[in-house]
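The values are calculated or read from the model by the stated rules, or taken from the named source; none is laboratory data. Keep in mind that what you see is a predicted model, and the values were worked out from it rather than measured. So basically every Cβ, Gly included, is an ideal-geometry build from the backbone, and we count neighbours across all protein chains shown.
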Amino acid sequence: MNAQAQPATKVMKETKNKIRVDFERTSRWERFRIKYLNGHFIVMTVWWLFRFVLLVGLSYVILMPFLSKIAGSFMSPEDFVDVTVKYIPKYPTLDTYRAIIEESGYWEAFANTFILSLGCGVVQTFICSVIGYGFAKFKFKGSGILFLLVVMTMVIPHNTLELSLFMEFRYFDIFGIFRLLGGGVTADIELISFTSLNLNNTYWPLAILSLTGLAYRNGLYIFMMRQFYRGVPDELEESAYLDGCGVFKTFFRIIIPLSVPMMVTIFLFAFCWQWTDNFYTRVFFTSTGMKLMPDIIMVPRQLSTDFAGGDLYASAIQNTCGLLIIAPLIIVYIFGQRFLIQGIERSGLVG
Amino acid sequence: MNQTAELTQSPETAVKKKRKPASLDKKKARAGWLFVLPFVLGFVIIYLPVIYNSILYSFTKISIVAGGGYRLTWVGWENYSDALFVDAGFVQTLVLGIKQLIFDIPAIVIFSLFMAVLLNEKMIGRAAFRAIFFIPVILSTGLIGSIDQSNRMLDYMESTSVVDMGDGASDTATQVISSIQIQRLFENMVIGEDLLNYVVGLVNDIYDIVNRSGVQMLIFLAALQSISPAIYESCEIDGSTAWETFWKITLPMISPMILVNTVYTVIDAFTSADNIVMRYIDNIYSSPGGNVLSSAMAWMYFLLVMIIIAAVAGILSAYTFYQRQER
């Protein structure tokens with residue numbers, strides 16, 4: 001471009017097939033000045049540096065607790081007394097891990113929680129897609145009010161309902177049917193031998209809550225699925241109907257395969273939040289009947305914390321318990337985070 | 001599958017009864033009901049009784065009867081008056097908790113918006129930064145949050161005890177900048193003492209704020225992605241700077257999500273385990289005879305937070321810009 005614009009360009013014929021173009025090139029300094037010493041470039045560089053420093057700093061803030069927990073988990077009691085030790089233990093040991101795994105029944109808790117979280121995750125993902133699809137694609141009387149109720153379940157925290165949730169499943173009864181059959185109302189009819197069911201310390205409470213889309217943050221999942229399905233063009237279903245598919249066949253054959261990425265996102269949320277949940281496990285699993293993840297947070301008896309830095313050591317042990325709890329989640333996250341972000345971006349959560 | 005059978009057969013049965021077959025709209029409405037049926041059933045069978053009972057319990061005292069059962073004694077407003085006037089710490093905790101909530105909302109919303117804008121830009125290592133920033137969404141909830149509440153080891157590890165500023169103040173956990181340095185920076189400016197304390201408090205709490213703004217960041221990021229690039233392009237052609245584009249385009253376009261995120265932040269803060277009022281209520285719940293009292297407290301707290309949400313949503317929705325109407 002430059003060469004053409006300049007009048008000083010000379011084209012000389014060297015040989016028959018070669019030409020030599022002779023022009024005055026802008027000096028190196030001039031080119032440098034124009035390219036780099038302008039306001040735009042300087043602002044962009046400063047912004048780039050600022051952004052980079054900020055992001056790295058905040059990443060440090062996020063990652064640091066995890067790194068220091070990992071460091072602490074390898075320390076032996078001697079390291080906590082030694083003031084020169086901060087992050088890198090002088091006497092690294094695996095005793096903490098070994099003691100916790102041996103004494104707290106980690107594998108049992110792991111298996112129980114895994115079954116619970118996997119079950120809850122799968123069921124909640126499916127149910128929330130079904131409900132979300134119903135809200136997104138069908139117009140019926142009262143759908144607005146019903147959706148408002150979904151939002152309400154999201155807004156009312158389950159902590160408020162702690163006691164009544166416990167009581168509901170401690171004395172489980174549908175509209176007093178069990179009480180009627182069991183002779184609780186009139187003593188002469190006694191078809192079943194109980195007046196209510198105690199469902200606590202079983203998987204049932206969470207299974208029932210999951211099946212009805214009322215479990216932890218299910219309102220949010222329903223909302224997300226609804227937004228996703230509203231972005232799916234109606235023509236897809238219409239063509240399926242024309243080809244003779246029923247509503248349900250369309251849903252299972254066309255819609256579900258379409259929404260797999262979004263469902264993976266929901267499943268990730270449901271699985272991970274159920275895994276680290278300590279509210280429902282505390283309410284529904286009151287006695288020591290079933291070992292779950294919250295039960296393994298303890299200081300093993302074979303590790304003595306009775307010395308000067310003992311409370312630090314005890315805290316390090318607790319953190320190690322925490323690390324053991326989230327270890328599977330870290331693996332899940334490494335493989336799943338792609339879906340998490342893409343899923344939400346694609347969902348058109350906004351719109 | 002029974003339901004599909006029913007649907008396909010319904011025209012035939014309708015013909016037998018000499019009635020007009022259901023129109024497509026009606027059929028679709030019926031299918032819609034079937035899809036949302038699980039929620040409706042759960043809501044009626046489980047959720048309504050639970051809410052009803054929770055309100056009921058807050059007006060009663062519970063005694064467990066031998067042989068499987070419990071008895072409720074109606075005590076009227078006694079639990080409420082106990083919570084407000086007899087219990088020593090509740091009102092104090094409530095006021096403190098509400099104050100904290102009101103101060104945290106703008107911090108979290110603004111921070112998450114800022115981070116979402118940053119993470120939305122094209123740069124080297126964007127995927128890695130995104131992955132790091134969404135770690136708290138998954139990992140710092142529930143159990144881990146409750147372990148972290150009083151974590152002596154983290155305090156110790158992150159204290160910079162070597163650097164003593166000489167003011168007798170020792171640095172506590174997860175500080176990026178020493179609060180004293182900020183204080184020195186601001187001392188010469190004409191700036192209110194309260195604002196100074198607020199900013200210093202925020203800087204000290206940065207870990208907490210980062211942890212709590214994960215979902216909000218995701219929502220903002222989705223909102224930013226949904227803005228049509230054509231708008232930005234036309235802005236660029238008209239010669240607007242990045243600063244102008246942000247205030248004139250980005251902010252109005254994502255303002256509905258600011259509303260959503262504010263409400264979400266309030267709800268999240270309200271339900272999280274490290275909320276001081278919730279912790280107080282939990283303590284009361286596990287103390288003997290405190291379960292009904294905790295119900296009363298929780299309802300009072302819930303009503304207060306509802307009022308806050310209504311107020312915030314009312315104010316914000318006046319400034320919210322909707323590009324298009326609902327379909």
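Report yes if some residue within the stretch B:311-323 is within 10 Å of another protein chain (Cβ to nearest Cβ) and modelled with pLDDT under 80; otherwise report no. Quick ask: steps written out before the conclusion?
Taking the stretch B:311-323 as the starting set, the residues that turn out to be within 10 Å of another protein chain (Cβ to nearest Cβ) are B:323.
Applying the additional criterion that residues be modelled with pLDDT under 80 yields B:323.
For the stretch B:311-323, residues within 10 Å of another protein chain (Cβ to nearest Cβ) and modelled with pLDDT under 80: present.
Inside the stretch B:69-150, counting only helices (runs of 4 or more DSSP H) that do not spill past its ends, which hold 3 or more residues that are surrounded by 15 or more Cβ atoms within 10 Å (Cβ to Cβ) and more than 10 Å from chain A (Cβ to nearest Cβ)? Write out each step before concluding.
Working: elements: B:78-81, B:90-120, B:126-133, B:135-139, B:142-148.
Fully inside the stretch B:69-150 and qualifying: B:78-81, B:90-120.
The rows are residues; the columns are (1) surrounded by fewer than 21 Cβ atoms within 10 Å (Cβ to Cβ); (2) at pLDDT below 85; (3) not basic (Lys, Arg).
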| residue | (1), (2), (3) |
| --- | --- |
| A:Gly132 | no, no, yes |
| A:Phe140 | yes, yes, yes |
| A:Ile145 | yes, no, yes |
| A:Leu149 | yes, no, yes |
| A:Asn159 | no, yes, yes |
| A:Glu168 | no, yes, yes |
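Annotation note: of B:Gly97, B:Gly68, the sole residue that is at pLDDT below 80 and not aromatic (Phe, Trp, Tyr) is B:Gly68. Report whether or not A:Tyr229 is assigned by TED's automatic domain parsing to the domain that holds A:Val122 and either assigned to a helix (DSSP H, G or I) or more than 30 Å from A:Leu340 (Cβ to Cβ) (or both). Yes; evaluated as a whole, the condition is true for this residue.
Looking across A:Ser117, A:Ser68, A:Ser59, one residue alone is touching a residue at least 60 places away in the same chain (Cβ under 8 Å), small (Gly, Ala, Ser) and assigned to a helix (DSSP H, G or I). It is A:Ser117. Contact map, the stretch B:93-111: first residue under 15 Å from B:Met306 (Cβ atoms), second residue surrounded by fewer than 19 Cβ atoms within 10 Å (Cβ to Cβ), Cβ cut-off under 6 Å, separation 6 or more or different chains; pairs are B:Gly97/B:Ile276. Please determine whether any residue of the stretch B:55-65 is within 14 Å of chain A (Cβ to nearest Cβ), assigned to a helix (DSSP H, G or I), surrounded by 12 or more Cβ atoms within 10 Å (Cβ to Cβ) and modelled with pLDDT of 80 or more. Yes, the stretch B:55-65 contains a residue that is within 14 Å of chain A (Cβ to nearest Cβ), assigned to a helix (DSSP H, G or I), surrounded by 12 or more Cβ atoms within 10 Å (Cβ to Cβ) and modelled with pLDDT of 80 or more. A residue that is on the phi > 0 side of the Ramachandran plot, out of contact with any Leu (no Cβ under 9 Å at 6 or more places or on another chain) and outside any helix (DSSP H, G or I) occurs nowhere in the stretch B:302-325.
Scanning the stretch A:56-96 for residues that are among the charged types (D, E, K, R) and modelled with pLDDT of 80 or more turns up A:Lys69, A:Lys90, A:Asp95.
Taking B:Ile231, is it touching a helix residue (DSSP H, G or I) at 6+ places or on another chain (Cβ under 7 Å) and either within 25 Å of B:Val137 (Cβ to Cβ) or crowded, with 20+ Cβ neighbours inside 10 Å (or both)? So that I can check it myself, show each step before the final result.
Details: touching a helix residue (DSSP H, G or I) at 6+ places or on another chain (Cβ under 7 Å): yes; either within 25 Å of B:Val137 (Cβ to Cβ) or crowded, with 20+ Cβ neighbours inside 10 Å (or both): no.
No.
Of the listed requirements (1) at the interface with chain B (Cβ under 9 Å from one of its Cβ atoms); (2) under 29 Å from B:Gly125 (Cα atoms), A:Ile131 misses just one: (2).
Just one of (1) more than 10 Å from every other protein chain (Cβ to nearest Cβ); (2) farther than 24 Å from A:Thr250 by Cα; (3) in a helix (DSSP H, G or I) trips up A:Pro92, so point out which. A:Pro92 satisfies every listed condition except (3).
Per-residue answers, yes or no, for (1) surrounded by 16 or more Cβ atoms within 10 Å (Cβ to Cβ); (2) more than 7 Å from every other protein chain (Cβ to nearest Cβ); (3) in a helix (DSSP H, G or I):
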site	(1), (2), (3)
A:Leu236	no, yes, yes
A:Phe251	yes, yes, yes
A:Pro300	yes, yes, no
A:Ser304	no, yes, no
A:Thr320	yes, yes, yes
